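Contents: one structure, followed by commentary.
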Amino acid sequence: ELLRVHLLEIEQLHEELREQAIRDPLTGLHNRRYMQDVFKQEFSRARRENYPVSVIMLDLDELKSLNDTHGHNVGDQALQSLAFHLQNMTRKEDIVCRYGGDEFTVILGKTFPKDAAKRVEEWREALNKHPLETESGNIVRVKFTAGIASFPMHGTSMEEVVNYADVALYRAKARGRDCTNVFENDRSGE
């Protein structure tokens, strides 16, 4: 009986360690390592079954300014708020990850770029309806900038699509933040 109890404890610890290895502790979202593993599987399936996959890279706007003005606690709350809305406004089969720092990645299987762009705007509207209230009573609007790229329109490899989503994100930032940009290249015709 004692051995059975110890085995159960070991299994539970193993599961907790596995979760810690694939989850971001602040937001509870999956982390970059998990995203890379799961995206490989999704990408292989999309190639086999011939369906599109859209990758959305999002940056929380002005995190440094939030931290400097209101404190790191409010910056953390802004990250958690964005994560919460992304998690609650995506389908079960979508993959939502904290890529690192103020950057998030959402992988939408069976989704064309124009549909991904619509989804991003729905997330933006939801965040606008739910601003953060700081301990001092200030209202903080959580805003983000997004870049979108899709397989097979923008790239034929997982690395290409993620890279082009990142390029689209930086192009959106150059336009002034709180906006979305779909990657454009010679193959896409968009």
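Couple of notes before you dig in:
- Wholly enclosed strands (runs of 3 or more DSSP E) of the stretch 82-190 bearing at least 2 residues of a type in the set (S, T, N, Q) and touching a helix residue (DSSP H, G or I) at 6+ places or on another chain (Cβ under 8 Å): 144-151, 180-182
- Long-range neighbours under 6 Å by Cβ, at least six apart or interchain, first residue at pLDDT 95 or above within the stretch 47-64, second aromatic (Phe, Trp, Tyr): PRO52/PHE112; VAL53/PHE151; LEU58/PHE104; LEU58/PHE144; LEU60/PHE144; ASP61/PHE144
- Of all residues in the stretch 132-152, exactly one satisfies the criterion of being open to solvent by 10 Å² or more (accessible area, probe 1.4 Å), of a type in the set (A, V, I, L, M, F, W, C) and at pLDDT 95 or above, namely PHE151.
- Applying the criterion of being of a type in the set (Lys, Arg) and free of Cβ contacts under 8 Å to residues at least 60 places away in the same chain to the residues of the stretch 153-177, the residue that is least open to solvent (accessible area, probe 1.4 Å) is ARG171.
- Count - residues of the stretch 1-25 that are among the polar types (S, T, N, Q) and over 20 Å from GLN36 (Cα atoms): 1
- Some residue of the stretch 1-10 being open to solvent by 90 Å² or more (accessible area, probe 1.4 Å), over 30 Å from HIS154 (Cα atoms), of a type in the set (D, E, K, R) and outside any helix (DSSP H, G or I): yes
- Residue satisfying condition, being touching a residue at least 24 places away in the same chain (Cβ under 8 Å) and surrounded by fewer than 21 Cβ atoms within 10 Å (Cβ to Cβ), within set LYS114, LYS92, LYS129: LYS114
- Selection from the stretch 11-46 of residues that are touching a residue at least 24 places away in the same chain (Cβ under 8 Å) and either more than 15 Å from the chain's Cα centre (by Cα) or in a loop (DSSP other than H, G, I, E, B) (or both): ASP24, LEU26, THR27, GLY28, LEU29, LYS40, GLU42, PHE43, ARG45, ALA46
- For the criterion of being farther than 25 Å from ARG45 by Cβ and either in contact with a helix residue (DSSP H, G or I) (Cβ under 9 Å, 6 or more places away or on another chain) or part of a helix (DSSP H, G or I) (or both), ASN73 passes.
- Flag for GLU121 being within 28 Å of ALA21 (Cβ to Cβ) and surrounded by fewer than 17 Cβ atoms within 10 Å (Cβ to Cβ): no
The values are calculated or read from the model by the stated rules, or taken from the named source; none is laboratory data. As the structure is a computational prediction, the values presented were derived from the model and not from experiment. All Cβ positions, glycine included, derive from the backbone under ideal geometry; neighbour counts span all protein chains shown. Calculation scope for accessible area: heavy atoms of the full protein, side chains included, ligands and nucleic acids excluded. Shrake-Rupley method; radii C 1.70, N 1.55, O 1.52, S 1.80 Å.
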